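A.B. asks: Input: one structure, supplied below.
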Amino acid sequence: MVMLQRCVFKRIQQLYSGNQASTKSLLSGFSTALLQGHRPAACRNISSLPDVKEKTLVVVKPDGVQRSLVGQIIQRFEQRGFKLVGLKMLQVSEDLLSQHYCQLRTKPFYPTLVHYMTSGPVVVMVWEGYKVVETSRMMVGHTNPAEAQAGTVRGDFSIHVSRNVVHASDSPEGAQREIQLWFEGKELLNWDSCYQTSTCEV
């Protein structure tokens, strides 16, 4: 902490070297704020705003994990400005898949889907942010990679609908249901991200 203060103080001195009175006043106030544990205004209470509290579930499927795409997918969501509040890797069970894909259980391709989803580990994430469900769907791209635009996850990394790399919730209601299936409440973290003020209107 002391080293950090020294580095910041030195930089401020460089920026305000022409006005010693201003520098002294600024450094004094900054030091006091640090010692009292104050955070910059940009970091305060942003996570309490309802508009940025929407959550969605994103699953990197077995083919995405096998192809070492997890890091690139996480990076896209981080760079977009969303906040990661849940993350785990697991070998998914048929019972969980049956609940997750309940609307598809009568489809002829369902057994193939289950075989695919249980063929290897998956990485499951919960992202939080403004209109995160809608935006995540756009970032992931069309279910059929042949119709997905370049720049989307599926448009860049997949060529066949049977191996489309990633799942993202399709609605806020669907996201809530899926998050409850994949995560226990204690597995989701509530933390303040200073960067959200750079991506949302306060």
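A.B. asks: Give me the percent of DSSP beta bridges within the stretch 72-202 that run antiparallel, rounded to the nearest 5.
C.D. replies: For the stretch 72-202, the DSSP antiparallel bridge percentage is about 90.
A.B. asks: Starting from the Cα of residue 72, step 7 Å along the direction of its Cβ; do the same at residue 95; then give the gap between the two resulting points in nm.
C.D. replies: 3.6
A.B. asks: A further question on this structure: So what are the ³J(HN,Hα) numbers for the stretch 91-105, from phi and the Karplus equation (6.51, -1.76, 1.60; θ = phi - 60°), rounded to whole Hz, Gly and Pro as x?
C.D. replies: Listing the rounded values in order: 8, 6, 8, 5, 5, 5, 5, 4, 6, 5, 9, 4, 6, 10, 4 Hz.
A.B. asks: Run through the stretch 148-193 and list the chymotrypsin sites (Phe, Trp or Tyr not before Pro) located in a DSSP loop whose Cβ has at most 12 other Cβ atoms within 10 Å.
C.D. replies: Within the stretch 148-193, the qualifying chymotrypsin sites (Phe, Trp or Tyr not before Pro) (loop, at most 12 other Cβ atoms within 10 Å) are 191.
A.B. asks: With labels modelled as points extended 7 Å from the Cα through the Cβ direction, what inter-label distance (nm, one decimal) is found for residue 115 paired with residue 161?
C.D. replies: 1.8
A.B. asks: Show the residues, 5+ positions off or on another chain, whose built amide H is closer than 5 Å to the amide H of residue 170.
C.D. replies: Under 5 Å from the amide H of residue 170: 175.
A.B. asks: At a temperature of 4 °C and a viscosity of 1.567 mPa s, determine how fast the stretch 67-119 diffuses translationally according to Stokes-Einstein, using the Kirkwood radius over alpha-carbon pairs as Rh; express D in µm²/s, rounded to the nearest whole number.
C.D. replies: Translational D for this selection: 97 µm²/s.
A.B. asks: Something else about it: Straight distance only, please: which aspartates and glutamates reach the Cα of residue 186 with their own Cα at less than 17 Å, same-chain residues fewer than 8 apart left out?
C.D. replies: List returned: 128, 178.
A.B. asks: No solvent, one uniform scatterer per C-alpha: report log10 I(q)/I(0) for the stretch 73-189 via the Debye equation at q = 0.16, 0.17, 0.22 1/Å, two decimals.
C.D. replies: Taking Cα atoms of the stretch 73-189 as identical point scatterers yields -0.83, -0.94, -1.56.
A.B. asks: Taking +1 at the Cβ of each Lys and Arg and -1 at the Cβ of each Asp and Glu, which of 106, 162, 182 sits farthest along the dipole of the stretch 47-202 towards its positive end, judged by Cα position relative to the Cα centre?
C.D. replies: Going by the Cα projections, it comes out as 162.
Bear in mind these aren't lab numbers, they're just calculated from the coordinates by the rules spelled out. Bear in mind the structure is a predicted one, so any value in this text is a computation, not a measurement. Reconstructed Cβ throughout: ideal geometry from the backbone, glycine too, with neighbour counts over all protein chains shown.
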